[in-house]
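A.B. asks: Pasting in a structure now, in structure tokens, and then I'll have a few things to ask.
The values are calculated or read from the model by the stated rules, or taken from the named source; none is laboratory data. Small disclaimer: the values here were computed from a predicted structure and weren't measured. When we count neighbours, we look across all protein chains shown, and the Cβ atoms used for this are built from the backbone with ideal geometry, even at glycine.
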Amino acid sequence: MRMEISEDDVLHVAELARIRVTRTESREIKEQLQTIFQHFSSLQDIDTETVDPTMHISGNQIVLDHTDREDVNQNIRADLIEAPLDTEQVLQNSPRRENTFIRTKGVL
């Protein structure tokens with residue numbers, strides 16, 4: 001499967017990201033993206049039928065619901081339910097505060 005991308009696609013995404021891109025740059029970006037997509041599409045040719053699914057880079061399969069299995073080697077920590085921090089603890093390290101709010105610079 002070959003992913004086709006046009007210069008107009010590049011320009012559209014650039015506009016959405018509010019990035020100024022010339023036609024010349026869009027041609028170059030298009031070629032680079034098509035190369036990247038070709039590399040990803042080559043993954044479709046790999047036979048993974050005999051590979052066990054994993055959810056972690058360690059290669060260990062993580063079973064999230066293992067109530068009936070005691071032999072599962074979990075490599076993620078169990079959730080700890082603790083009382084939440086009180087407002088003063090949360091605000092003590094904030095550089096600026098206003099009443100019970102953390103004051104930040106405007107974002108928009």
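A.B. asks: Within the range 78-95, count every residue that is surrounded by 10 or more Cβ atoms within 10 Å (Cβ to Cβ) and under 30 Å from residue 18 (Cβ atoms).
C.D. replies: Of the residues in the range 78-95, 1 are surrounded by 10 or more Cβ atoms within 10 Å (Cβ to Cβ) and under 30 Å from residue 18 (Cβ atoms).
A.B. asks: Residues being assigned to a helix (DSSP H, G or I), without any contact (Cβ under 8 Å) to a residue 12 or more places away in the chain and over 18 Å from residue 3 (Cβ atoms): count how many of those fall in the range 13-36. Outline the logic, then answer.
C.D. replies: Pass one, the range 13-36, residues assigned to a helix (DSSP H, G or I): 13-16, 23-36.
After this cut, where a residue has to be without any contact (Cβ under 8 Å) to a residue 12 or more places away in the chain as well, the list is 13, 15-16, 24-25, 28, 31-32, 35-36.
Then keep just the ones that are over 18 Å from residue 3 (Cβ atoms); that gives 15-16, 24-25.
Count: 4.
A.B. asks: Assess whether residue 39 counts as being part of a helix (DSSP H, G or I) and surrounded by 11 or more Cβ atoms within 10 Å (Cβ to Cβ).
C.D. replies: So residue 39 does not fit the description; no.
A.B. asks: Go over the candidates 17, 83, 78 one by one and state the one that is farther than 30 Å from residue 101 by Cα, at pLDDT 90 or above and out of contact with any helix residue (DSSP H, G or I) (no Cβ under 7 Å at 6 or more places or on another chain).
C.D. replies: Exactly one residue qualifies, and that residue is 17.
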